[in-house]
Amino acid sequence: MSSDIFKQPLFLHSSESSQAAYRAMMSGAADVLVRHYAGLEQPYSGLGPDVLERLIGNIEVCPEEEGMPMPELLELMGSAVLRNSAIVTDPLCIAHLHCPPLMPALAAEALIAASNQSMDSWDQSMAATLLEEKLIRWLNELLGYGQHADGVFTSGGTQSNFMGIMLARDHYALERWGWNVQQQGLPPEAGRLRLLCSEEAHFSVKQAASLLGLGHQAVVPVKTDARRRMCPLRLEETIARLVSEGLYPFAIVATAGTTDYAAVDPLSAIAEIAARHGIWLHVDAAYGGALALSSQYGGLLDGIGGADSITVDFHKLFFQPISCGAFLLRDKRRFRLLRLTADYLNPEDEEGTGPPNLVVKSVQTTRRFDALKLYMSLKHVGRRQFGELVDRTIRTAKAAAELIRRESCFTLMADPVINTVVFAYRPQLAEGRFAGQSASSGTGLTAADQLNLTIRERLLAEGTGVIARTKSDGRVCLKLTILNPLTGPQHITVLLERIRTIGWELETEIPNGKETVAR
């Protein structure tokens, strides 16, 4: 092999040349990020998938010989990719639970990537292991757990919910039948195991049941009340019915912040029911867990400390870069249900006596040092100001709801609990007048449904607003998910005015023409 194959430094290490190259690349990346992303003045470029596919399709992946110089490569990524991405820092990029990341976390990402610690074994992540465990202890205290609790960082809510349901299943099988699922596979009675959750629970609950070999049949939805919260009375009735049918309710999943309406189930009442029936309670607080930082809204989480396990996400209202979440367990001894050892990684003779190997608490092996970005954010921002950031998004959502309520052309579907606002544009003319869709088109959508879908599509094509769609009581609705503390009522006012204008224009267009009725 030629000794001059590396014509420039490719790795960061002790040499001055590699450090100089690293500084130049990071400085160039920051410059491109500011010019082609942070400096933009609307939440999306407006390019459709066909145009973007052609643009990206023209970019070669791997040149055979000479690589592209870094300044040129960074500029290409800025103009082709960053400029045509969702600008999550824009006040009107408010479609999903998709937050703008805090700058301390961005600095942490650089440290995480460059140091490349692997959180599975101590000898790959020495100080990082201890910092993650310190942060887990703080999180447990924040959410009401005691000194016997433990936890682990995860990729997010889906993985954490999976872990909670898996441990609930394995704990039930061991306690009731003396059956070790890890060693013996599913017990003969597995087809009769049942998992209860709200009608509004996240889809990852069904996904976990499927991946765990229980199937969607195992998931039993519990009716919600007028505020879209799991109804404790219906929960009691459902448990009694399942038992009478010879089925085995092994877990309850309560939700602290549903995806559409941010509903928080009555956690104290559900925890009491779960304890009385001896059923594992898992709380999916992926969305609402950050309320624990709020002095004004923290009471919504009352009773969460009674759960056996908790999901909390940090790439939502903790304002962290994707991906970053945690799974918390009230009784750390239950982690033994998934513990495995390997001679080359975490040998059995070191268990309990040697340094900690976090792989025994995780369904991942190689895992990033994501705890660092949350730690640096908390350390830099402080709890009081962090709570105020959360509160500000909720105040903006409530102000948005009031603006919508005042307008005759909008229907507000529910008062916001946290910071999602679901509403619909209400046709001002006869429903069938909308040129883009008739009620009898065979799509199953009414003209009003199609009108709301088209409003959203036009906003995206203009690049003036990135908002979500959902359904409420069978109707297509629009949704604002206000996770950006920089979003204020003034931005929502501008957005609603644009939605009103687009809606009227769509209603008054003549099919196959551009003429409109004067307003």
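General remarks:
- Among the residues making up segment 81-99, a single one is open to solvent by 70 Å² or more (accessible area, probe 1.4 Å) and either within 30 Å of F11 (Cβ to Cβ) or out of contact with any strand residue (DSSP E or B) (no Cβ under 8 Å at 6 or more places or on another chain) (or both): R83.
- Boolean, A274 is in contact (Cβ under 8 Å) with a residue 12 or more places away in the chain, under 18 Å from the mean Cα position of the chain (by Cα) and open to solvent by less than 20 Å² (accessible area, probe 1.4 Å): no
- Per-region count, segment 456-474, residues within 16 Å of T258 (Cα to Cα) and among the charged types (D, E, K, R): 3
- Subset of segment 455-478 (residues that are open to solvent by 10 Å² or more (accessible area, probe 1.4 Å) and out of contact with any Gly (no Cβ under 9 Å at 6 or more places or on another chain)): E457, R458, V466, R469, T470, K471, D473, G474, R475
- Here segment 335-350 is the region considered, the condition is being under 22 Å from S309 (Cβ atoms) and open to solvent by 50 Å² or more (accessible area, probe 1.4 Å), and the residue that is modelled with the highest pLDDT is R336.
- Filtered by the rule that a residue be open to solvent by 60 Å² or more (accessible area, probe 1.4 Å) and of a type outside the set (A, V, I, L, M, F, W, C), segment 39-56 gives E41, Q42, P49, D50, E53, R54.
- Residue in segment 8-16 that is free of Cβ contacts under 8 Å to residues at least 12 places away in the same chain and among the polar types (S, T, N, Q) present: yes
- Each residue in segment 461-472 was checked for being more than 27 Å from L52 (Cα to Cα) and touching a residue at least 40 places away in the same chain (Cβ under 8 Å), and 1 pass.
- The set of residues in segment 205-228 being open to solvent by less than 60 Å² (accessible area, probe 1.4 Å), outside any helix (DSSP H, G or I) and either free of Cβ contacts under 8 Å to residues at least 40 places away in the same chain or within 20 Å of V363 (Cβ to Cβ) (or both) consists of L212, G213, L214, G215, V219, V220, V222, T224, D225.
- Residue within segment 72-80 that is surrounded by 14 or more Cβ atoms within 10 Å (Cβ to Cβ), in contact with a strand residue (DSSP E or B) (Cβ under 6 Å, 6 or more places away or on another chain) and in contact (Cβ under 8 Å) with a residue 24 or more places away in the chain present: no
- Filtered by the rule that a residue be assigned to a strand (DSSP E or B) and either of a type in the set (S, T, N, Q) or out of contact with any Lys or Arg (no Cβ under 9 Å at 6 or more places or on another chain) (or both), segment 375-426 gives T411, T420.
- Filter pass, E388 being over 24 Å from A292 (Cβ atoms) and either under 22 Å from the mean Cα position of the chain (by Cα) or not hydroxyl-bearing (S, T, Y) (or both): no
- Test: residue in segment 6-14 that is surrounded by 12 or more Cβ atoms within 10 Å (Cβ to Cβ), in contact with a helix residue (DSSP H, G or I) (Cβ under 8 Å, 6 or more places away or on another chain) and closer than 28 Å to D313 by Cβ: no
- Within segment 485-511, the set of residues being open to solvent by less than 10 Å² (accessible area, probe 1.4 Å) and over 28 Å from P101 (Cα atoms) comprises I502, G503, L506, E507, T508.
- Answer from H148, H171, H202 - the residue that is in a loop (DSSP other than H, G, I, E, B), at pLDDT 95 or above, under 23 Å from I239 (Cα atoms) and open to solvent by 30 Å² or more (accessible area, probe 1.4 Å): H202
- Given (1) more than 23 Å from the chain's Cα centre (by Cα); (2) aliphatic (A, V, I, L, M); (3) open to solvent by less than 10 Å² (accessible area, probe 1.4 Å), number of the condition L139 does not satisfy: (1)
- Within segment 230-260, the set of residues being part of a loop (DSSP other than H, G, I, E, B) and either open to solvent by less than 60 Å² (accessible area, probe 1.4 Å) or touching a His at 6+ places or on another chain (Cβ under 6 Å) (or both) comprises C231, G246, L247, G257, T258, T259, D260.
The values are calculated or read from the model by the stated rules, or taken from the named source; none is laboratory data. All values reported here derive from a predicted model rather than from experimental measurement. Cβ: placed from backbone, ideal geometry, glycine included. Neighbour counts: every protein chain shown. These area figures cover heavy atoms from the full protein model, side chains too; ligands, DNA and RNA do not enter into them. Shrake-Rupley method; radii C 1.70, N 1.55, O 1.52, S 1.80 Å.
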